[in-house]
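Read the structure below first, then the notes.
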Amino acid sequence: MSIVLSVQGLSKKYAGSEVAAVDGISFDLHEKKILGFLGPNGSGKTTTIQMLLGTLTKTEGRILYFGKELDQHREEILNSVSFASTYLSLPYILTVKENLEVLGLLYGIPRKESRRRFMPLLERFGILSYCDQPISMLSAGQVTRLMIVKAFFVEPKIVLLDEPTASLDPEISKEICEFLLERRDQTGVSILFTSHKMGEVSAICDRVIFLSRGKIVANDTPDHLVKTNASCRLSLVLLENLEKVEQFALSKNYSYVLDHRTFNMEIPEKGIPLFLNFLSKEDIPYSGIQIEEPSLDDYFLKIAKESKRQKKC
């Protein structure tokens, strides 16, 4: 797969600040791929996206779309790039149709052609009936769906999405994710996707990048990142011999919490058979055992905790 976006040593340092908001990051977005761009608040995600759009001047580094420097070919490049964010809206005084028609003109698309493209998308996301209504009449969730329509009806080669499902209920969020996968497969669009919903990230992203304090701390597939956080959460109700189970956990340096008779423990996946064998050998009765495998949420929380700890230092 060819590289459609290459970021090389990108940095941003604001005047008066000794700490870089984005600190020498490098990554590639490949054709027909969805790249998750993740991290705690303040990690540099939004600053990076603003530099990728050319709305914020970089301090150092290179941004290349389709092998061309953004600095030198910005107008040409951005004709093939679109953007949507939950945290931005459109001019409230204009109607839904007027907003989309104006955007289409900015991309060189005649009004009639724009309507042919965006009408089916408005219908798909349940907001066609608001076509002649001003943006001010839409709810936050409807505006979010409209922003998805805005990003895709211009038929871009690359879409930058900043938390596109943040204000949506689970059913609509699932529909948006299915739409993104469908567009990738049907049109070959490449997507940079930020989100705090790790379930969505695991479901649709081919690869994920984690930022912490302006630096890339991980760049891998969701499955591989989950495996690096190998601890499972094990919970069971102990009927007796609580002390023996506590001694086992302490001997293995496993963290645990005992709440009355409910025993919760962080345990490596490979240690689970050993623990169950211990319960059997010691004839320790238990009930209600639950084993929860590690997830991308666990990895995200790990990165967030480390970021907070570094900030305090």
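Quick test for you: out of K197, K215, pick the one residue that is modelled with pLDDT of 90 or more, surrounded by 15 or more Cβ atoms within 10 Å (Cβ to Cβ), assigned by TED's automatic domain parsing to the domain that holds G42 and among the charged types (D, E, K, R).
Values: K197 fails: modelled with pLDDT of 90 or more.
Only one candidate passes the filter, namely K215.
When residues of segment 177-193 are filtered for being closer than 17 Å to G36 by Cβ and small (G, A, S), how many remain? Steps first, answer last, please.
Just the residues of segment 177-193 that are closer than 17 Å to G36 by Cβ, to begin with: 177-181, 183-184, 189-193.
Applying the additional criterion that residues be small (G, A, S) yields 190.
The qualifying residues number 1.
Over 20 Å from T165 (Cα atoms), surrounded by fewer than 16 Cβ atoms within 10 Å (Cβ to Cβ) and in the same structural domain as M198 (by TED's automatic domain parsing): is that true of T95 in this structure?
Numbers: over 20 Å from T165 (Cα atoms): yes; surrounded by fewer than 16 Cβ atoms within 10 Å (Cβ to Cβ): no; in the same structural domain as M198 (by TED's automatic domain parsing): yes.
No.
For G188, only one of the following conditions fails: (1) loosely packed, with under 14 Cβ neighbours inside 10 Å; (2) without any contact (Cβ under 8 Å) to a residue 60 or more places away in the chain; (3) assigned by TED's automatic domain parsing to the domain that holds C177; (4) not β-branched (V, I, T). What is its number?
Among (1) loosely packed, with under 14 Cβ neighbours inside 10 Å; (2) without any contact (Cβ under 8 Å) to a residue 60 or more places away in the chain; (3) assigned by TED's automatic domain parsing to the domain that holds C177; (4) not β-branched (V, I, T), G188 violates only (2).
Residues are listed down the side, and each one gets a yes or a no for (1) under 19 Å from S85 (Cβ atoms); (2) under 21 Å from the mean Cα position of the chain (by Cα):
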{"residue": "L121", "(1), (2)": "yes, no"}
{"residue": "C131", "(1), (2)": "no, no"}
{"residue": "S139", "(1), (2)": "yes, no"}
{"residue": "V149", "(1), (2)": "yes, yes"}
{"residue": "I158", "(1), (2)": "yes, yes"}
{"residue": "P164", "(1), (2)": "yes, yes"}
{"residue": "S167", "(1), (2)": "yes, yes"}
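Which numbered condition trips up E155, out of (1) surrounded by fewer than 20 Cβ atoms within 10 Å (Cβ to Cβ); (2) part of a helix (DSSP H, G or I)?
Against the list (1) surrounded by fewer than 20 Cβ atoms within 10 Å (Cβ to Cβ); (2) part of a helix (DSSP H, G or I), E155 comes up short only on (2).
Which of the following residues is surrounded by 13 or more Cβ atoms within 10 Å (Cβ to Cβ), touching a Lys or Arg at 6+ places or on another chain (Cβ under 9 Å), assigned to a strand (DSSP E or B) and not assigned by TED's automatic domain parsing to the domain that holds M198: I267, I284? Even if it seems obvious, please write down each step before you answer.
Values: I284 fails: assigned to a strand (DSSP E or B).
Checking each option against the conditions leaves just I267.
Checking the structure you have, find out if any residue of segment 66-80 is at pLDDT 95 or above, assigned by TED's automatic domain parsing to the domain that holds G188 and within 30 Å of I303 (Cα to Cα).
no
Tally the residues that are in contact (Cβ under 8 Å) with a residue 24 or more places away in the chain and within 14 Å of D162 (Cα to Cα), restricting the search to segment 43-68.
10
Can you tell me which of L236, L276 is part of a strand (DSSP E or B), surrounded by 14 or more Cβ atoms within 10 Å (Cβ to Cβ) and not polar (S, T, N, Q)?
Residue meeting the stated conditions: L236.
From the residues in segment 76-113 that are of a type in the set (S, T, Y) and part of a loop (DSSP other than H, G, I, E, B), which one is nearest to the chain's Cα centre (by Cα)? Before the answer, list the steps.
Taking segment 76-113 and keeping what is of a type in the set (S, T, Y), we get 80, 82, 85-87, 89, 92, 95, 107.
Imposing the further condition that a residue be part of a loop (DSSP other than H, G, I, E, B) reduces the set to 80, 86-87, 89, 92, 107.
Details: S80: 22, T86: 13, Y87: 15, S89: 20, Y92: 28, Y107: 27 Å.
Looking at residues that are of a type in the set (S, T, Y) and part of a loop (DSSP other than H, G, I, E, B), I get T86.
For residues in segment 13-42 being of a type outside the set (A, V, I, L, M, F, W, C) and more than 25 Å from L180 (Cα to Cα), which is surrounded by the most Cβ atoms within 10 Å (Cβ to Cβ)? Can you show your working first?
Filtering segment 13-42 for residues of a type outside the set (A, V, I, L, M, F, W, C) gives 13-14, 16-18, 23-24, 26, 28, 30-33, 36, 39-42.
Adding the requirement that they be more than 25 Å from L180 (Cα to Cα) leaves 13-14, 16-18, 23-24, 42.
On the way: K13: 16, Y14: 11, G16: 5, S17: 9, E18: 5, D23: 19, G24: 15, G42: 16.
Filtering segment 13-42 for residues that are of a type outside the set (A, V, I, L, M, F, W, C) and more than 25 Å from L180 (Cα to Cα), the one surrounded by the most Cβ atoms within 10 Å (Cβ to Cβ) comes out as D23.
The values are calculated or read from the model by the stated rules, or taken from the named source; none is laboratory data. The structure presented is a predicted model; accordingly, all values stated were derived computationally and were not measured. Every residue, glycine among them, receives a Cβ derived from its backbone with ideal geometry; neighbour counts consider all protein chains shown.
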